[in-house]
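For reference, the structure is listed below as structure tokens.
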Amino acid sequence: MQNLLFKNKKINLANKKLSSDKSDNFMKNLIQDDLKLVNNFMISSIKSEVPLIPLLSEYLINSGGKRIRPALTILFSKLFGYKYGSRHIHLSSCIEFIHMASLLHDDVVDESEFRRGKKTANKIWGNKASVLVGDYIFTKAFQIMVADQDQNVLKVLSDASKSLAQGEVMQLSLKNNIDIDEKRYFKVIEDKTAKLFSSSAMVGGIIAKCSQNYITKLEQFGNNIGIAFQLLDDALDYEQSINNMGKNSGDDFKEGKVTLPVLLALKEANVSEKIFWKKVIEDLDQDDDDFQNAQKILKKHDTVNATKKIAKKYAVKAKDLLKEFPENIYNEALLEITEFVFTRDS
């Protein structure tokens, strides 16, 4: 369906790394003008006669963030030859709006105080304002989808929105439960994190009029990179400080969330360790030094490193899929993103 200059070329990215003369910001430099347009479009889209809406929204927009999801949409659209128009800007903004709305709601549910090194919106303006502005941002995302007038895009992003909400509810229902198994854990992260990554990649392909075969591979790429991203997040939560992570370390622990480092430790736990996990996770009875005690147990069983290794396996799967796509500078930028996902420290 698409006219591809590099249709028959393959690139061996499985073992390739970016050359040393490439800056770490190769990807952002390549699409920095597009990302600026995304930022500007987002700010212009949340104007309202209610001052609190743009005030809170712009605070979140200007708080930074990796912008990986919109970058995936932009890069894949250009990789497959999309050149003219502004759909990639509008739909990248739409995807980031969905992500932003979920962050506002998530911070309320988790009672978080910091994100990206700054106070959360709920800490500044309160829970009610955060939830309601999150709802507003979410509706703006759907307005952009409708204005785009592409049923395929609408289906992909509405499905992602449903999965995201479902994943958050599932995670909430599994809090304080040390009997959760890996299957349910991975279902949660696929729904609440990976689905929006895969949708971001798919939308890039859709607006470039890719074949269904490519769309399927884009979905697989996004799913793998999204799982890797969340696994590394869960690992870093047990070893980083607020200065590196941009949020409080140990948030998952303090909220009674069972993530993969704990799941793996539970498999190897002796009787006293099982009693400890029941106390701090199920009963949420935590003393001041219990997070450090948890870190010691995880270190004993090496489960943080084990989680990172599993994250890397998913990132490598995503990396391998890049061989199936056209070879050009956008593919190289996507390689950079994939490597960043499992090598970052924040």
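The table that follows gives values for the structure above.
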read-out	value
Average Cα contact separation per residue, the chain, under 8 Å, 6 or more apart, as relative contact order %	25
Top positive-direction residue, dipole computed over the chain with Cβ charges, set S161, G222, A294	G222
Dipole of the chain, positive end: most advanced residue of I124, F26, V304 [Cβ charges, Cα centre]	F26
Ranked by how many other beta carbons lie within 10 Å on average, peptides 107-120, 44-57 from highest	107-120, 44-57
Over 39 Å [Cα-Cα, the chain], rounded percent	15
Dipole axis of the chain (+1 Lys, Arg; -1 Asp, Glu on Cβ), positive-most option in V188, P54, L72	L72
Linear extension gain, D33 paired with D285, 0.36 nm per residue minus alpha-carbon span	85.8 nm
Helix runs (DSSP H) in the chain reaching 20 Å along axis by Cα, Kyte-Doolittle at least 0.5	127-148, 329-343
Relative contact order (percent, whole number), segment 237-341, Cα cutoff 8 Å, 6+ residue spacing	23
Sorted peptide list for 193-200, 250-257, 216-223, 97-104, criterion being average Cβ within 10 angstrom, highest first	193-200, 97-104, 216-223, 250-257
For the chain, calculated [θ]222 nm from helices alone, where every DSSP H run of n ≥ 4 adds -39500 (n - 2.57)	-21500 deg cm²/dmol
Estimated dipole of the chain in Debye, rounded to 20 [Cβ of Lys and Arg +1, of Asp and Glu -1, Cα centre]	1360
Out-of-range pairs (alpha-carbon distance over 20 Å; input K155/K195; K128/K257; K128/K162)	K128/K257; K128/K162
Student exercise, segment 162-266 dipole from Lys, Arg, Asp, Glu Cβ charges, in Debye to nearest 20	460
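Computed from the coordinates by the stated procedures, all read-outs in this text should not be read as laboratory data. None of these values were measured; they are calculated from a predicted model. Positions of Cβ are backbone-derived with ideal geometry, glycine not excepted, and every protein chain shown enters the neighbour counts.
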